[in-house]
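Student: Encoded as structure tokens, here's the structure I'll be asking about.
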Amino acid sequence: MRWTKLGLVFDLRAHPLAFGSGDFAQSPQALVLDDRVRIFFSTRSREPDGQYLSHVAFVDMRKDLGAVLGVAQRPVIAAGDLGTFDEHGIFPMNVLRHDDLVYGYTTGWSRRVSVPVETGIGLAVSRDDGLTFERFGSGPVLSATLNEPFLVADGFVRTIDGLFHMWYIFGTAWSAAGAGTAPERVYKIGHATSADGIHWNKEEGRRIVADRLGPEEAQALPCVFDRGARRHMVFCYREQIGFRTDPGRGYRIGHAWSDDLVDWTRDDAMLSIAGTPGEWDAEMQCYPHVFTCEGATYLLYNGNAFGRFGFGAARLEP
Amino acid sequence: MYFSCRPDADANGQYVSYSAYVDLDRSDLFKVRAVADEPILPLGGTGTFDEFGVYPVSVIRAGDEVRAYYAGWTRCVSVPFNTAIGCAVSRDGGRRFERLGQGPILPYTPDEPFVMSGPKVRRFGEMWYLFYIAGRVWKRVEGRAEPVYRIRMATSPDGLTWTKANRDLIPPRIEADEAQASPDVFEAGGRYHMHFCYRYSEGYRSHARGYRIGYAWSTDLRNWTRDDARCGIDVSEEGWDAQMISYPHVFAVDGRTYLAYLGNEVGRGGFGLAALDGGFD
């Protein structure tokens, strides 16, 4: 695949939000409307104790991603209630048009004592093209089970031949590099199906994408798109330890393909997206999302510092 | 008899819970034959749902094995804890158990968002039943977060893959936010009998608002008629069970039917027994 980089198409500093800390536009995900593309992302507020909390916002863009038309005036979904799985933020949210509704598959965060967080995947529904969402229940639609014991997150949902498919991640380890250091997570990409988008059947622990970096590779944010009859998955991956500060261990964009939605062949080189030296994506590329609009296929992604300054895009050449 | 116990609190005053057992003499249940010399299951690993507690536990025979369904405890920041239901198996008659997996056997779902606990596993005919509780809201009470939970059930052909009923089995009686726990189902006389415990959502460490034992009956295990007046037991005038009674478990041995339960301070000193006089009616 050949991608033409379009640069940092949404710079948060040039289009500040009326809420939040002014930092982070993470995990961009597109909803194509008649006259614009509504791109949802997670931004952060800072709590009195200094901790971040993620909120879902959006930017409306021209359909060629060449101009910003407007930004959300407030988060599209309210904060979760006391003790719920998404009480401490939503990051990311995947959107899917279904009948007259927009389904938002949220990854909710709640804080823990021995590890920083636990996550689960919730469903929220919008009746106004994504301006506002209401939760379907206060609990998650996908959460920890016997062989996916924690950190179920990053749901991406499509309907194929009448069946809902979700690709997502589940945790396989919380482990520390050494005594006195904080536990770090490892997660892998999994798959579930559903007749209604609410009740899901997991493959229960099957890791559907092979590791490139070894068993400690953390895989995140799968997104599946088609080229002809072949399914392609983009995701990001990194080392378990040192990924925040060492560019050599940070997120890169990975790729796998499948002809049957069961077996996936990893082939990162086929995607060929790399950072541009000296640019906003030089040190890190993460949280990829592919969508099509008016015949063109776009890749949205975050760059350095996990998307602190905004997100960029690339266009697939025919 | 399986039960749960705690080592001394840590420097922050926090407890972990383990489960263990005591062997009672069949001919005299007040004669202790042996106690477990170690917990039946170690605590879970870092970040797992049962890292800080295995409590309570319900056991069932499955062929040559004994399976334990238990609530695992983790610690949270905005609320003190969360719980989920796990499963472990024993191949030595119930002395030591091994987890079936690192995660819970029953997931959180949209209307069972947290605090899934108090499992009681049963098999009637070909079907497995899990009675348990699920939280519905965390209330703020005098600066503390207190969970409100209700009795729920799930069914399974094998005890491993569960289908939730997704509804409350027992309506609240004393207040809208009544907390219910320990749904213990026993079959006798062509009916199913459920003993459970219930309390007020606030001030429940007092005599007046603390745990009492409730009762409901059913002919189909799905539709239950609550009738606490028929539970057959109340707090005593004085003694170990005068302040509260909770966590009932009904079982039959050699023709007699017993109710095991906790007394004051939710079982700090041990558990007691009552024997059924006559039948359930």
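The values are calculated or read from the model by the stated rules, or taken from the named source; none is laboratory data. For clarity, every value in this text was computed on a predicted model and none was experimentally measured. Positions of Cβ are generated from backbone atoms using ideal geometry, with glycine treated the same way; all protein chains shown enter the neighbour counts.
Student: Any residue in the stretch B:72-86 that's in the same structural domain as B:Cys5 (by TED's automatic domain parsing) and in contact (Cβ under 8 Å) with a residue 24 or more places away in the chain: show its pairings with residues that are among the charged types (D, E, K, R) and in a strand (DSSP E or B) at Cβ separation under 7 Å, as long as the two are six or more apart or on different chains.
Tutor: B:Thr74/A:Arg112; B:Arg75/A:Arg112; B:Ser78/A:Arg111; B:Phe81/B:Arg75; B:Gly86/B:Arg99
Student: For the stretch A:120-139: of the residues being surrounded by 21 or more Cβ atoms within 10 Å (Cβ to Cβ) and more than 28 Å from B:Thr74 (Cα to Cα), which is farthest from the other protein chains (Cβ to nearest Cβ)?
Tutor: Looking at the filtered set, the residue picked out is A:Gly130.
Student: Is the stretch A:65-82 home to any residue that is in contact with an Asp or Glu (Cβ under 6 Å, 6 or more places away or on another chain), free of Cβ contacts under 8 Å to residues at least 24 places away in the same chain and surrounded by fewer than 14 Cβ atoms within 10 Å (Cβ to Cβ)? Before the answer, list the steps.
Tutor: Step one: filter the stretch A:65-82 for residues in contact with an Asp or Glu (Cβ under 6 Å, 6 or more places away or on another chain), giving A:69-70, A:80.
Applying the additional criterion that residues be free of Cβ contacts under 8 Å to residues at least 24 places away in the same chain yields A:70.
Checking the rest, the ones that are also surrounded by fewer than 14 Cβ atoms within 10 Å (Cβ to Cβ) come to A:70.
Yes.
Student: State all residues of the stretch A:140-155 that are within 7 Å of chain B (Cβ to nearest Cβ) and among the β-branched types (Val, Ile, Thr); if no residue qualifies, say none. Write out each step before concluding.
Tutor: Pass one, the stretch A:140-155, residues within 7 Å of chain B (Cβ to nearest Cβ): A:140-141, A:143-150.
Residues satisfying the conditions are A:Val141, A:Thr145.
Rundown of residues vs (1) touching an Asp or Glu at 6+ places or on another chain (Cβ under 6 Å); (2) more than 14 Å from chain A (Cβ to nearest Cβ); (3) modelled with pLDDT under 95, yes/no style:
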| position | (1), (2), (3) |
| --- | --- |
| B:Phe124 | no, yes, no |
| B:Lys139 | yes, no, yes |
| B:Ser156 | no, no, no |
| B:Thr161 | no, no, no |
| B:Ile170 | no, yes, no |
| B:Ser182 | no, yes, no |
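Rundown of residues vs (1) within 21 Å of A:Ala30 (Cβ to Cβ); (2) in a loop (DSSP other than H, G, I, E, B); (3) away from every other protein chain (no Cβ under 14 Å), yes/no style:
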site	(1), (2), (3)
A:Val209	no, yes, yes
A:Arg212	no, yes, yes
A:Pro215	no, yes, yes
A:Val234	yes, no, yes
A:Ile273	yes, yes, yes
A:His289	yes, no, yes
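Student: For the stretch B:114-143, what are the residues that are of a type in the set (Lys, Arg) and free of Cβ contacts under 8 Å to residues at least 40 places away in the same chain? Even if it seems obvious, please write down each step before you answer.
Tutor: Within the stretch B:114-143, the subset of a type in the set (Lys, Arg) is B:120, B:122-123, B:136, B:139-140.
Across the stretch B:114-143, the qualifying residues are B:Arg136, B:Arg140.
Student: Would you call A:Thr84 at pLDDT 95 or above and within 14 Å of chain B (Cβ to nearest Cβ)? Give the steps one after another, and end with the answer.
Tutor: Details: at pLDDT 95 or above: yes; within 14 Å of chain B (Cβ to nearest Cβ): yes.
Answer is yes for this residue.
Student: Could you grab me the full set of residues in the stretch B:99-122 that are within 7 Å of chain A (Cβ to nearest Cβ) and not hydrophobic (A, V, I, L, M, F, W, C)? It would help to see each step written out before you state the result.
Tutor: In the first step, residues of the stretch B:99-122 are kept if they are within 7 Å of chain A (Cβ to nearest Cβ); the result is B:100-105, B:107-114.
The answer is B:Gly101, B:Gln102, B:Gly103, B:Pro104, B:Pro107, B:Tyr108, B:Thr109, B:Pro110, B:Asp111, B:Glu112, B:Pro113.
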